[in-house]
Amino acid sequence: MPIHDWTRVPAGTFHDFHHEWISTIKRALNDGLLPDGYYAMAEQIAGGMGPDVLTLERPAPRAPLPEPGQEGGLALATRPPRVRFHAGREDDLLARKAKAVVVRHSSDHRVVAMVELVSPGNKSSRYAIDAFVRKVRDALHAGIHLLIVDLFPPGPRDPHGIHQVIWEEGSPGDFPLTADEPLACVSYIGGPVGEVFLEPVAVGRPLPEMPLFLSDAIYVPVPLDPTYARAWDAVPAVWRNAISSLPPQSSI
């Protein structure tokens, strides 16, 4: 399904779609995409990261999570994600959490990965975008893996896209977006060695399948396009008709 131009409707309309899409991704992950021992929930934690993630930022010694088996995860070494841009570096990175899909391990229920859908509110002010970027960096520094989907074009606070604000400008992997493809899907491997997989997208084109990492070597493919389509079907007809009748988004 082609991506719609969500800038042409009130933020509340996308907010409603956002909730439905989060739930749809959560169901897809729990219906066989995640390996045994992992589960996904749609969560909102007041104040940002919450106690589980703060614990990860100052970790006490505990047993490492078992590696997921091949029956439920793909090995990065043998099945690299099909994205056009990929880079790695050593650094402290990226977290924000407001209504995201959160993947936990059932052994101790610690957060291992999150899917975050950027909303208009995340870019509405300098304070909002700074808070988003700060929490993303905190999450990645804590070893949490992230998939971020941004369906809103660059603006004055992220002129080259949200990823370039998150990633240190001038370092390998600070891929800028173009006028032809101003939107982006970005997967990050958390931990002290940062790694990014980015696929530019645009209004009118389908979403790609993107990796959600469960470790620095194993990921599950997230079916963004089919889950987007199912969530779109739940949008009230008055707004589906309004968005579909609007002209294409102009180039930046």
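The values are calculated or read from the model by the stated rules, or taken from the named source; none is laboratory data. Being a predicted model, the structure only gives us computed values, none of them experimental. Cβ atoms come from the backbone with ideal geometry, glycine included; neighbour counts cover every protein chain shown. Accessible surface is based on the protein model in full, side chains and every heavy atom, while ligands, DNA and RNA are left aside. Shrake-Rupley method; radii C 1.70, N 1.55, O 1.52, S 1.80 Å.
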Cross-chain or 6+ apart pairs with Cβ under 9 Å, the stretch 29-43 first and among the charged types (D, E, K, R), then assigned to a strand (DSSP E or B) and crowded, with 16+ Cβ neighbours inside 10 Å: Glu43/Ala100; Glu43/Val101; Glu43/Val102; Glu43/Val111; Glu43/Met114
Hits in the stretch 136-160 (condition: under 14 Å from the mean Cα position of the chain (by Cα) and either surrounded by fewer than 19 Cβ atoms within 10 Å (Cβ to Cβ) or under 20 Å from Arg205 (Cβ atoms) (or both)): Leu147, Ile148, Val149, Asp150, Leu151, Phe152
Restricting the stretch 1-54 to residues that are open to solvent by less than 20 Å² (accessible area, probe 1.4 Å), modelled with pLDDT under 90 and part of a helix (DSSP H, G or I), the residue that is farthest from Asp138 (Cα to Cα): Gly50
Of all residues making up the stretch 184-213, the number that are closer than 23 Å to His18 by Cα, open to solvent by 10 Å² or more (accessible area, probe 1.4 Å) and touching a Gly at 6+ places or on another chain (Cβ under 7 Å): 0
